[in-house]
Amino acid sequence: MGILSRTSYVIRSKINAILNRAEDPTETLDYSYEKMRDELQQVKQGIADLTTQKKRLEIQKRRLEENVEKHNEQAREAVRQDREDLARQALEKKNSKMNQIEELDSQIAQLQSTQDDLVDKKNQLQGRIEEFRTKKETMKARYEAAEASSRVSEAMSGVGDEMADVGSAIERAEERTDEMEARSAAMDELQDTGAFDDALSDKDSIDRELDAGRSASEVDSELETLKAEMGKGTAPEETADADTESADASADADLEDIEADVDDEEVEAELEELREAEEEKSAE
């Protein structure tokens, strides 16, 4: 194989690969179906044209038949008038028209045969188109289902580059989370065991527990002291309240006595005024 042949072969293979990647089977099937429908339409148009031509010949045949009848009447009329020359001319025209009618019959029969063949082919083509349409829709449905299934499978299995990156990120996050959880657990364990004691302190865990116990005892003792002090201070306060209430009651009683004395004096004064007024009236 020469260089030019190999170059041509490589170029054709590359172009074919590009076309295969760019080709959409559903679009190809739709295009093929439209082409077949166009062909069917052309066949129907051809049948219509053929039928039109046949109708024209039939019309021409009817006119010739009318002329034949006319020439026949002319020949009879010429014979009745003893005009053999005119009768001969009429018969000659009649025979000429008869020959034309025979030719038209032959052409009409041929056109009818062609029309019948085209109608049969049209029916066959229409049936094939219907079958192709059904198969096309089935193939499109299968292709779309397979394409959707492939996309779902790729998404679930992480075949794509994006899913691979996501899987790597998840793995790194899990590793880092495990490391942080382990570090936190280790810190808690060291804290509980006292491994993080202050370097400046000489106390160990036992000393800290004893100090905590002493602090609790001191708090309890101070609380008892406060309770005792609060119990002693309550009695004087109650006595003072009682004395205050007694003083208030005595003051109220004295005030009532004073008000009673004032009321009696006012009554006596009014009675005295009334007596004086009566005496003055009697003297008059």
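The values are calculated or read from the model by the stated rules, or taken from the named source; none is laboratory data. Bear in mind that the values here come from a model prediction, so they are computed numbers and not experimental data. Quick reminder, even Gly has a Cβ in these numbers, built from the backbone with ideal geometry, and neighbours come from all protein chains shown.
Quick notes
For (1) in contact with a His (Cβ under 8 Å, 6 or more places away or on another chain); (2) over 30 Å from LYS121 (Cβ atoms); (3) in a helix (DSSP H, G or I); (4) modelled with pLDDT under 85, each residue gets a yes or a no:
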residue: ASN16; (1), (2), (3), (4): no, yes, yes, yes
residue: LYS35; (1), (2), (3), (4): no, no, yes, no
residue: LYS54; (1), (2), (3), (4): no, no, yes, no
residue: LYS61; (1), (2), (3), (4): no, no, yes, no
residue: GLU69; (1), (2), (3), (4): no, yes, yes, no
residue: ARG76; (1), (2), (3), (4): no, yes, yes, no
residue: VAL79; (1), (2), (3), (4): no, yes, yes, no
residue: ARG88; (1), (2), (3), (4): no, yes, yes, no
residue: LYS97; (1), (2), (3), (4): yes, yes, yes, no
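- Scanning the range 118-151 for residues that are without any contact (Cβ under 8 Å) to a residue 60 or more places away in the chain and either aromatic (Phe, Trp, Tyr) or exposed (fewer than 12 other Cβ atoms within 10 Å of the Cβ) (or both) yields a total of 16.
- Pairing each residue of the range 66-90 that is within 18 Å of ILE101 (Cα to Cα) and free of Cβ contacts under 8 Å to residues at least 40 places away in the same chain with any residue that is among the small types (Gly, Ala, Ser) and assigned to a helix (DSSP H, G or I), provided the two are 6+ apart or on different chains, yields C-beta distances under 6 Å for HIS71/ALA90; ALA90/ALA75.
- Total residues in the range 102-117, condition surrounded by fewer than 16 Cβ atoms within 10 Å (Cβ to Cβ) and of a type in the set (A, V, I, L, M, F, W, C): 1
- Pair list, Cβ under 8 Å, 6 or more apart: the range 210-226 residue at pLDDT below 80, other residue surrounded by 10 or more Cβ atoms within 10 Å (Cβ to Cβ): ASP211/LYS203
- Taken over the range 122-152, the criterion of being within 13 Å of TYR33 (Cα to Cα) and either outside any helix (DSSP H, G or I) or among the β-branched types (Val, Ile, Thr) (or both) is satisfied by ILE129, THR134.
- Test: residue in the range 76-94 that is among the polar types (S, T, N, Q) and more than 30 Å from ARG37 (Cα to Cα): yes
- Taken as a whole, the structure places ASP82 among residues that are out of contact with any Ser or Thr (no Cβ under 9 Å at 6 or more places or on another chain) and on the phi > 0 side of the Ramachandran plot.
- The single condition among (1) closer than 30 Å to ASP116 by Cα; (2) at pLDDT below 80; (3) not small (Gly, Ala, Ser) that ASN20 does not meet is (1).
- ASP30 being out of contact with any Asp or Glu (no Cβ under 8 Å at 6 or more places or on another chain) and free of Cβ contacts under 8 Å to residues at least 12 places away in the same chain: no
- Residue in the range 42-56 that is in contact (Cβ under 8 Å) with a residue 40 or more places away in the chain, of a type in the set (A, V, I, L, M, F, W, C) and either in contact with a Phe, Trp or Tyr (Cβ under 9 Å, 6 or more places away or on another chain) or closer than 30 Å to ALA90 by Cβ (or both) present: no
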